[in-house]
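Asker: Okay, handing you the structure first.
Coordinate-derived values only; no laboratory data. Computed from a predicted model, the values in this text were never measured in an experiment. With ideal geometry, Cβ positions are generated from the backbone for all residues, glycine too; neighbour counts draw on all protein chains shown.
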Amino acid sequence: MVHDGGARVLQDARLEVWAPPGLGEVRPGDDLAALVGDLLDGAVLDGEALAEGDVVVVTSKVVSKAEGRVVRATDREQAITDETVRVVATRERPGGLPPLRIVENRLGLVMAAAGVDASNTPEGTVLLLPVDPDASARRLRAAWRERFGLDRLGVVVTDTAGRPWREGLTDIAIGAAGVAVVDDLRGGADAHGRPLNVTVTAVADEIAAASELVRGKASGRAIAVVRGVGRFVLGGDGPAGDGPGARTLVRPSADDLFREGSAEAYARGYAAARAEVAHDPAR
């Protein structure tokens, strides 16, 4: 028996994650809900039928392909520029490589290269992130709830991102439906009765990261099912059933203590100081 902050008692502390093979190449215009539904139907033969409280995790790559987000781009750098709304930090790289750019993209996500992907896509094209990953997740959830006759079913759309202060990459949730994307434990108590004042767990990101462990980056498995997190899975139709979506995981700018890189912050401060001196030479 596991207690999570004193708010609930969890009867089962087991997590199961599996990634069925066989999705195949997804192309623009494909019915992704039907393709994945067929894949999950086939998994029934292996005793892996979907159940109430499951979460289906889908990589943004196959969502983007199905939604036609494959664009002609002989210059990936220009595609990155087009998807950028704010530059956070840049760093030159040796060997004639383009500079590393950490930027905020149209979805509010801060990541390298604005999420523009040139891998596993035809030569001369790049893959952009879905226009609205939360809406994509909602459409998939509606189709699969109807097909499999389930009420409480979650969907998470993932992408790979780096993390400040940590080496390596992990998958994060960029779209979600039917999932409580955070678990706010503030106001509860820890195992020793002390109050919890700041603990808010990023549930959707943790589901995304767990799914990547069985999908991998080169296995061709773009779908995973996560079981054991049913306490975070919502039921019903409409906004209440779909939940707040992964967009709510984006930290508001007012709370972002690291909104730009050190070099960019220095340049901005230096430019502001020069402007002040030009305006008032006596300063």
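Asker: Quick check for me: using +1 on Lys/Arg Cβ and -1 on Asp/Glu Cβ, what's the dipole size of the chain about its Cα centre, in debye to the nearest 20?
Answerer: Numbers: 34 positive and 42 negative charges, 117 e Å.
Once rounded to the nearest 20, the dipole reads 560 debye.
Asker: Then there's this: Each label point is 7 Å from the Cα along the Cα-to-Cβ direction; what then is the distance between the points at ARG163 and LEU100, in nm?
Answerer: 1.7 nm
Asker: What ranking, highest mean first, results for peptides 97-106, 224-233, 135-144 when packing means the other Cβ atoms within 10 Å averaged over each residue?
Answerer: Working: 97-106: 15.5, 224-233: 19.9, 135-144: 21.8.
Put in order of decreasing packing, that is 135-144, 224-233, 97-106.
Asker: Next question. Using a 10 Å cut-off on Cβ atoms, rank the peptides 187-193, 246-252 from the highest mean neighbour count down.
Answerer: Numbers: 187-193: 11.0, 246-252: 15.7.
Packing proxy ranking, top to bottom: 246-252, 187-193.
Asker: Which of the following values of Rg and Dmax of the Cα atoms in Å was calculated from the structure shown: [x] 17.8, 54; [y] 17.0, 48; [z] 21.5, 81?
Answerer: [z]
Asker: Stretch VAL131-ASP255 to full length: gain in nm at 0.36 nm per residue minus the Cα-Cα span? Write out the running numbers ahead of the final one.
Answerer: Numbers: separation 124, 0.36 × 124 = 44.64 nm, distance 2.52 nm.
Full extension of this stretch gives 42.1 nm more.
Asker: If you don't mind, there's one more thing I want to ask. Which value at 222 nm does the chain reach when only helices count, each DSSP H run of 4 or more adding -39,500 (n - 2.57), with the total divided by all residues and rounded to the nearest 500 deg cm²/dmol?
Answerer: Estimated from H runs of four or more residues: -8500 deg cm²/dmol.
Asker: Give the peptides 261-274, 107-120 in descending order of average Cβ contacts within 10 Å, highest first. Walk me through the numbers before you get to the answer.
Answerer: Details: 261-274: 11.3, 107-120: 19.1.
Highest mean packing first, the order is 107-120, 261-274.
Asker: Which residue fluctuates the most in the chain, going by a Gaussian network model with Cα springs under 10 Å, if the choices are VAL200, VAL17, VAL36?
Answerer: VAL200
Asker: Sticking with this one: Just add up the charged neighbours of VAL179: K/R +1, D/E -1, any other residue whose Cβ is under 12 Å from the Cβ of VAL179.
Answerer: On the way: positive: ARG138, ARG141, ARG152, ARG231; negative: ASP54, ASP134, ASP183, ASP205, GLU206, ASP242.
Residues close to VAL179 contribute a combined charge of -2.
Asker: Continuing with this model, one more query. Set the Förster distance to 25 Å, then compute FRET efficiency between ALA240 and VAL200 from the Cβ-Cβ distance, nearest 0.05.
Answerer: Working: r = 21 Å, r/R0 = 0.82.
Calculated transfer efficiency: 0.75.
Asker: Counting only other residues whose beta carbon sits under 15 Å from that of THR74, what net charge do I get with K and R as +1, D and E as -1? Mind showing how you got there, number by number?
Answerer: Values: positive: ARG72, ARG76; negative: ASP75, GLU77, ASP82, GLU123.
Here the count lands on -2.
Asker: Could you put ARG69, ARG163 in order, starting from the residue whose Cβ has the fewest other Cβ atoms within 10 Å? Mind dumping the intermediate values first?
Answerer: Details: ARG69 19, ARG163 11.
By the 10 Å Cβ count, ascending, the order reads ARG163, ARG69.
Asker: According to a simple spin-label model (label point 7 Å from Cα along Cα-to-Cβ), what is the distance in nm between ARG274 and LEU35?
Answerer: 5.1 nm
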